[in-house]
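> Right, I'll just put the structure down here and ask away after.
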Amino acid sequence: LLLLLDFNPFDNLLCILLGISFTVWFTLLLVFIIVPAIFGVSFGIRRLYMKTLLKIFEWATHRIERGAKDNNHLLYKPYSNAIIAKEPTSLEEEINEIRRRGSNRDLDSASEFEMSDIFYFCRRGVESIMDDEVTKRFSAEELESWNLLTRSNYNFQHISLRLTVLWGLGVVIRYGFLLPLRVTLAFTGVGLLVVLTSIIGFLPNGRMKNFLSEQVHLMCYRICVRALTAIITYHDSENKPKNGGICVANHTSPIDVIILASDGCYAMVGQIHGGLMGVIQKSMVKACPHIWFERSEVKDRHLVAKRLSDHVEDTTKLPILIFPEGTCINNTSVMMFKKGSFEIGSTVYPVAIKYDPRFGDAFWNSSQFGMVNYLLRMMSSWAIVCSVWYLPPMTREEGEDAVKFASRVKAAIARQGGLVDLLWDGGLKRGKVKDTFKEEQQKLYSKMLVGTQEDRSRS
């Protein structure tokens, strides 16, 4: 009978082994990852993994330095600034200094215009090209040592045989074990989020629905956090955002949402998308009052402000999560906050997020990588390690406009996260410099010349 059925015992054995492997795989996922995510507990495995990686990185760095020394290689050390920092001075003071050096005259005795004034603007232009404060904020942060990822340095893995073997072993671990595990967890988290929020959407509005919605969101986001092997340290939890407020944070990556939402529930704000993202948005809004806008509504500032105001006025609704920069920055600085979310008049809860680039670069360069490619890079990194600080709530002071309030909040976030506080608009990532910036310099120079003429006429 077995011969008639063309039965092969090796095929049967293979099926049994595959069945056992899948059973063991999903059992481990359930026991060590999914169940702890449901109850919000951790066995400490990820932190032990992080400490082990740090020791390996230290050993690899030592081997690199020894190999470079033995082979007379010049190690590349990234610089923080191309130009030596100096004390800020005004346009008038610098031009005055140039004129004094060139003609031994000071500004008071100078004519309306001198050719030497051109050198000031030429020098400032060259300095801006060499040390551009804006462009370098949209590229990956440089590392002083190699973290055994090919994309962080293409030369270090060839310095020594031991280091090359270690790098190859890391490739096998990251792509052969960690990546399949993380992809499985990601699909599990997203699948549960879509299914469970859709079911909760059929319940009548009330405390029970809100409670179940919050628990489901927390559970699913915690599973997604484990899909990135994210090791997050939360500080000052007593300042966590409360209902009826607005949470604002610096923006480095789309996973900023998962990082924050795994520690508390928020109402998301964004544009309605199609495809898988659209399915997720539709299911989420059934269980929780998120704020989604049509493409045609996004540019209507009054409509956006009204919907945000209506949301924060209801103290039973979750705090709104907003990233006022409007684009992703490489986690070395904070750029200009858009004033829209600061015009509402609600309490603002600032949050600072700082990633550790030694384990993986969380910055999303959207002009270079698509979303799927970016997520694959994240899931094939060693880990995502970051710190989150909840800052004390802030409100607008008397006589303070929305722009100044936004700058004050931004400065607080930059100071807490150890980031550079920049005045530039993140929109320069894709657009040209506005003419107003050039006109501002022209006005300063004109004002200086006019002021000099007025001073001489009075004297």
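> Show the residue pairs that are 6+ apart or on different chains and have beta-carbon atoms under 6 Å apart, the first residue being within region 309-329 and under 17 Å from Glu343 (Cβ atoms), the second being open to solvent by less than 10 Å² (accessible area, probe 1.4 Å) and basic (Lys, Arg).
Pairs that qualify, where the first residue is under 17 Å from Glu343 (Cβ atoms) and the partner is open to solvent by less than 10 Å² (accessible area, probe 1.4 Å) and basic (Lys, Arg): there are none.
> Restricting region 229-285 to residues that are under 17 Å from Ile322 (Cβ atoms) and of a type in the set (Lys, Arg), which is nearest to the chain's Cα centre (by Cα)?
Lys240
> Next up: Across region 233-254, what is the total count of residues that are modelled with pLDDT under 90, within 19 Å of His290 (Cα to Cα) and open to solvent by less than 20 Å² (accessible area, probe 1.4 Å)?
2
> Within region 338-357, count every residue that is under 15 Å from the mean Cα position of the chain (by Cα) and open to solvent by 10 Å² or more (accessible area, probe 1.4 Å).
4
> Looking at region 370-417, which of its residues are part of a loop (DSSP other than H, G, I, E, B) and more than 30 Å from Arg182 (Cα to Cα)?
Narrowing region 370-417 to residues part of a loop (DSSP other than H, G, I, E, B): 370, 380-383, 391-393, 395-401.
Selection gives Leu391, Pro392, Pro393, Thr395, Arg396, Glu397, Glu398, Gly399, Glu400, Asp401.
> So which pairs qualify, if the first residue must be in region 355-370 and within 13 Å of Leu228 (Cα to Cα), the second must be assigned to a loop (DSSP other than H, G, I, E, B) and aromatic (Phe, Trp, Tyr), the Cβ gap must be under 6 Å, and the two must be at least 6 apart or on different chains?
Phe359/Trp382; Gly360/Trp382
> If Trp424 satisfies all but one of (1) in a loop (DSSP other than H, G, I, E, B); (2) modelled with pLDDT under 65, what's the number of the condition it fails?
The failed condition is (2).
> So which residues in region 392-408 are within 15 Å of Asp425 (Cα to Cα) and not basic (Lys, Arg), if there are any at all? If you could, list the steps in order and put the result at the bottom.
So the first thing to find is which residues in region 392-408 are within 15 Å of Asp425 (Cα to Cα), and the list is 403-404, 406-407.
Within region 392-408, Val403, Ala406, Ser407 qualify.
> Take the conditions closer than 24 Å to Ile38 by Cβ and touching a residue at least 12 places away in the same chain (Cβ under 8 Å) and apply them to Gly340. Does it pass? Quick ask: steps written out before the conclusion?
Numbers: closer than 24 Å to Ile38 by Cβ: no; touching a residue at least 12 places away in the same chain (Cβ under 8 Å): yes.
For Gly340, the condition - closer than 24 Å to Ile38 by Cβ and touching a residue at least 12 places away in the same chain (Cβ under 8 Å) - is not met.
> Further question on the same structure: So which helices (runs of 4 or more DSSP H) are wholly in region 20-117 and hold at least 3 residues that are at pLDDT 60 or above, open to solvent by 70 Å² or more (accessible area, probe 1.4 Å) and out of contact with any Cys (no Cβ under 6 Å at 6 or more places or on another chain)? I'd like the intermediate steps shown before the answer.
Working: elements: 35-39, 45-70, 91-103.
In region 20-117, the matching helices (runs of 4 or more DSSP H) lie at 45-70, 91-103.
> For Thr327, all conditions in the list (1) part of a loop (DSSP other than H, G, I, E, B); (2) open to solvent by 60 Å² or more (accessible area, probe 1.4 Å) hold save one; what is the number of the exception?
Every condition holds for Thr327 apart from (2).
> Ok, one more. Which of (1) within 17 Å of His251 (Cβ to Cβ); (2) hydrophobic (A, V, I, L, M, F, W, C); (3) open to solvent by 10 Å² or more (accessible area, probe 1.4 Å) is the odd one out, the single condition Val304 does not satisfy?
Val304 satisfies every listed condition except (1).
> Go through region 245-296 and give me each residue that's assigned to a loop (DSSP other than H, G, I, E, B) and without any contact (Cβ under 8 Å) to a residue 12 or more places away in the chain.
Within region 245-296, the first condition is being assigned to a loop (DSSP other than H, G, I, E, B), and the residues that meet it are 245, 250-255, 262-266, 272-274, 288-290, 294-296.
If the condition is that a residue be assigned to a loop (DSSP other than H, G, I, E, B) and without any contact (Cβ under 8 Å) to a residue 12 or more places away in the chain, then His273, Gly274, Ser296 are the ones that fit.
> So in region 358-367, with the set limited to residues that are modelled with pLDDT of 80 or more and over 21 Å from Ser262 (Cα atoms), which one is least open to solvent (accessible area, probe 1.4 Å)? Steps first, please.
Narrowing region 358-367 to residues modelled with pLDDT of 80 or more: 358-365.
Applying the additional criterion that residues be over 21 Å from Ser262 (Cα atoms) yields 358, 365.
Values: Arg358: 107, Asn365: 21 Å².
Applying the filter and picking the extreme gives Asn365.
> Okay, moving on. Can you tell me which of Leu203, Leu166, Leu192, Leu178 is modelled with pLDDT of 75 or more and closer than 17 Å to Glu58 by Cα? Spell out how you get there, then give the answer.
On the way: Leu203 fails: closer than 17 Å to Glu58 by Cα; Leu192 fails: closer than 17 Å to Glu58 by Cα; Leu178 fails: closer than 17 Å to Glu58 by Cα.
Exactly one residue qualifies, and that residue is Leu166.
> What number of residues within region 345-364 are in a loop (DSSP other than H, G, I, E, B) and closer than 22 Å to Val183 by Cβ? Steps first, please.
Within region 345-364, the subset in a loop (DSSP other than H, G, I, E, B) is 345-347, 357-364.
After this cut, where a residue has to be closer than 22 Å to Val183 by Cβ as well, the list is 359-364.
Here the count works out to 6.
> Among the polar types (S, T, N, Q), modelled with pLDDT of 90 or more and under 16 Å from the mean Cα position of the chain (by Cα): does that describe Ser387? Steps first, answer last, please.
Working: among the polar types (S, T, N, Q): yes; modelled with pLDDT of 90 or more: yes; under 16 Å from the mean Cα position of the chain (by Cα): yes.
Against the criterion (among the polar types (S, T, N, Q), modelled with pLDDT of 90 or more and under 16 Å from the mean Cα position of the chain (by Cα)), Ser387 qualifies.
> Does Ala267 meet the test of being in contact with a Pro (Cβ under 8 Å, 6 or more places away or on another chain) and closer than 29 Å to Leu376 by Cα? Lay out the reasoning, then the answer.
Numbers: in contact with a Pro (Cβ under 8 Å, 6 or more places away or on another chain): yes; closer than 29 Å to Leu376 by Cα: yes.
Taking the combined requirement at face value, the residue satisfies it.
Matching residues to (1) farther than 19 Å from Tyr355 by Cβ; (2) at pLDDT 85 or above; (3) surrounded by fewer than 10 Cβ atoms within 10 Å (Cβ to Cβ):
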| site | (1), (2), (3) |
| --- | --- |
| Arg396 | yes, yes, no |
| Phe405 | yes, yes, no |
| Ile413 | no, yes, no |
| Gln416 | no, yes, no |
| Asp435 | yes, no, yes |
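> Being open to solvent by less than 30 Å² (accessible area, probe 1.4 Å) and under 17 Å from Gly417 (Cβ atoms) is the filter here, so list the residues in region 255-264 that pass it.
Within region 255-264, the subset open to solvent by less than 30 Å² (accessible area, probe 1.4 Å) is 255-256, 259-262, 264.
Ile255, Asp256, Ile259, Leu260, listed by residue number.
The values are calculated or read from the model by the stated rules, or taken from the named source; none is laboratory data. Keep in mind that what you see is a predicted model, and the values were worked out from it rather than measured. Cβ atoms come from the backbone with ideal geometry, glycine included; neighbour counts cover every protein chain shown. These area figures cover heavy atoms from the full protein model, side chains too; ligands, DNA and RNA do not enter into them. Shrake-Rupley method; radii C 1.70, N 1.55, O 1.52, S 1.80 Å.
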